[in-house]
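A short worksheet on the structure shown next.
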Amino acid sequence: MNEGKLCVSVTGETAGQMLEHIERAERLADIIELRLDGMDPAQIAIVRDEISKRKVLVPIIATFRSPEQGGAGSASIDERRAIWRGSSDGYWAADVEEDVFTDAERWPRRILSFHDYTDENPDIVPIAERFVASPADVIKFATATNDITDALPVWKVLEIARSNGKPCVPVGMGDAGKWTRILGPAHGAYMTYAPLEQGLETAPGQISVSDLITTFRVKEIDRNTRVYGIVGDPVSQSFSPYFQNAAFVSTGVNAVFLPLLVKDLGGFMRRMVRIETREVDLNFGGFSVTMPHKQAIMDHLDHLDEAASEIGAVNTVNILNDGKLIGYNTDAHGFITPLKAKFSDVKDARVAVFGAGGAARACVYALKKEGAGVTVFVRDPAKAAAFSDDLAVEVKLIPDGRTGLLVGTDILVDATPIGMKGDLENTTLFLADQLTGVKFVYDLVTKASDTPLMLEAKKAGISVLGGLEMLIAQGMKQFEIWTGCEAPEEVTRAAVLARMHQQM
Ligand code: NAP
């Protein structure tokens, strides 16, 4: 548990909308922020009259921000001054920028806030020192982020404020700053902001209040909570935060799993992870690693397990108590476990693997370990030679005409993104009549429904397996590496499926 508060930030174009949002927010929030900057003065007056008449269950903050600081309207300095010099009836606090701070001195409390939406990374330490010395009750710093380390300055402000006993809210805006919104309260932030629901965000990178409470347990975690996360770019579509957090809860492990949007991997490892050089201590326990860092991460680790080193890619990092970083590859295990459960004779099978990326490498490693005969098909001649040398496997180029290509193949593995959501969603490597003779089709793409290749295989009467079981098996293995506990399979599966259906 921590003492941070959950502030639900609500908007509305009319007083009626705003009051309806307040009613919904008061059931979830410790504090409600009203973003008044999108409303005209007459509607603002109605809201104030209503909230001073009826007893809202939680304290209410009024915010009326300038357009430069992210306000929704085009209010001039005089209009903003008029708001803060006016009545504070019904309100618990005013959230004001420095230029109107003194105008709000008759309000019961003042939150002095600084917002920077540029990507210029201004030096905010002098501003923070000024804010800490001010009579503000709480200070708030929100700056735009493109990469995870861009949020470090606001985190340092939190440290400065904490050591001076000044309540502070640090916010890294954007996907790369989500970690500040989740971990803030655990590290002494006064509160964290959330929209009422997805689609009603009042700032970039906000996480819905239900995800903050249920998935990330933002009020329950504390400084001792071990922090894990998925390191990649992008990470917003990842299922991992949903199933890993569900697994931590169900096994009672004090840990949380975050999306970690990392562009400059070296900067992240140096400034946030490596004990010798890190600028903050977030109590990281390890990472799941995804595109585009699965190979580059290897240069930053102290040791690789056998699978990671032979595959030449790491999808899991475990951080030991002495700070040593160990790399693993659980994709191979995740790939082969469901295949063996569905296809009894992998050992004697002839397998065609399509693709030459990280997933294909893990598949080939696992299949060869089982004793299968493997041929890899790639589209890029330059990658063919390297793949063949690294994994000691036969590699061929994908020909234009595919009829007859699979004669003599028992298992077809598609380790390309064909069929994935996006541009390739409705495409397939093979049509039903090109699959004659194939006994089993394994498409690694993870979707709630069958991919086009799986549908073609079914038309040809062939058994299929999609990427869901691999996702679950590789994630469960990661959980076991990090915690030493057996992963709860049904909880993990249910969490992935629930998230998949939410996204459909
Ligand atoms: P990756 O490293 O980007 O590799 C993708 C490979 O597919 C590359 O060799 C690429 O060729 C090839 N490719 C792309 N488009 C193609 C096309 N139109 N025709 C032929 N080949 C094509 O990606 P990855 O990490 O290996 O992932 C591959 C797939 O596996 C993705 O769909 C991913 O979601 C899935 N996956 C699933 C799981 C799971 O748990 N279910 C785990 C990992 C990956 P070039 O090299 O020529 O670009």
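If only the Cβ of Lys and Arg carry +1 and only the Cβ of Asp and Glu carry -1, the dipole of the chain around its Cα centre is close to 860 debye. Length available on full extension from Ala386 to Glu197: 0.36 nm per residue minus the Cα-Cα distance, which gives 63.3 nm. Relative to the longest principal axis of the Cα atoms of the chain, helix 15-25 runs at roughly 60 degrees. Ordering His293, His303, His333 from the fewest to the most neighbouring beta carbons within 10 Å gives His303, His333, His293.
Straight Cα distances below 15 angstrom link Lys421 to the aspartates and glutamates Asp443, Asp450, with same-chain residues fewer than 8 positions distant left out.
Checking the cross-link pairs Lys396/Lys477; Lys324/Lys369; Lys340/Lys477 against a 22 Å limit on the alpha carbon distance flags Lys396/Lys477; Lys324/Lys369 as lying beyond it.
Within a straight-line Cα-Cα reach of under 12 Å, Lys342 can be paired with the following aspartates and glutamates, leaving aside sequence neighbours fewer than 8 residues apart in one chain: Glu469.
When you filter the GluC sites (Glu not before Pro) in the stretch 74-140 for DSSP loop state and at most 13 other Cβ atoms inside 10 Å of their Cβ, you are left with Glu105, Glu120.
For the stretch 160-250, which trypsin sites (Lys or Arg not before Pro) are both in a DSSP coil and crowded by at most 14 other Cβ atoms within 10 Å? Mind showing how you got there, number by number?
On the way: sites: Arg162, Lys178, Arg181, Arg217, Lys219, Arg223, Arg226; in loops: Arg217, Lys219, Arg223.
When the trypsin sites (Lys or Arg not before Pro) of the stretch 160-250 are filtered for loop state and at most 14 Cβ neighbours within 10 Å, Arg223 remain.
Centroid-to-centroid, using Cα positions, the stretch 86-133 and the stretch 47-65 are 19 Å apart.
When DSSP beta bridges are restricted to pairs lying wholly in the chain, around 10% turn out antiparallel. Taking Lys and Arg as +1 and Asp and Glu as -1, the other residues whose beta-carbon sits under 13 Å from that of Ile311 total -1. The separation of the stretch 403-477 from the stretch 268-328, counted between C-alpha centres, amounts to 31 Å. Model label sites at Asp99 and Ala494, defined 7 Å from Cα along the beta-carbon direction, differ in position by 5.3 nm. Divided by 2.2 N^0.38 Å, where N counts the residues, the Cα radius of gyration of the chain comes to 1.13. Between Phe114 and Lys140, Phe141, Ala142, the built amide H atoms are under 5 Å apart, and every one of these is 5 or more places off in sequence or on another chain. Compared with the dominant principal axis of the Cα atoms in the chain, helix 240-251 is inclined by about 80°.
For the stretch 391-480, state which trypsin sites (Lys or Arg not before Pro) are in a DSSP loop and have at most 16 other beta carbons lying within 10 Å of their beta carbon. Each step should come with its number before you reach the end.
On the way: sites: Lys396, Arg402, Lys421, Lys439, Lys447, Lys458, Lys459, Lys477; in loops: Arg402, Lys421, Lys439, Lys447.
Answer by residue number: Arg402, Lys421, Lys439.
The HN-Hα couplings worked out from phi for the stretch 174-184 by the Karplus form 6.51 cos²θ - 1.76 cosθ + 1.60 (θ = phi - 60°) are x, 4, 6, x, 4, 4, 5, 6, 7, 8, x Hz, whole numbers, x standing for Gly and Pro. Taking the 0 to 90 degree range and rounding to the nearest ten, how far is the long axis of helix 468-483 tilted relative to the main principal axis of the chain, both from C-alpha atoms? So the inclination is approximately 70 degrees.
Can you spot the lysines whose alpha carbon is less than 30 Å from Lys5's alpha carbon? Ignore those fewer than 8 places along the same chain. Partners within reach: Lys53, Lys55, Lys140, Lys156, Lys166, Lys178, Lys219.
A short reminder: the numbers here are calculations on the coordinates, not readings from a lab. Here the structure is a predicted model, which is why all the values come from computation and not from measurement. Here the Cβ is made from the backbone with ideal geometry for all residues, glycine too, and neighbour counts use every protein chain on show.
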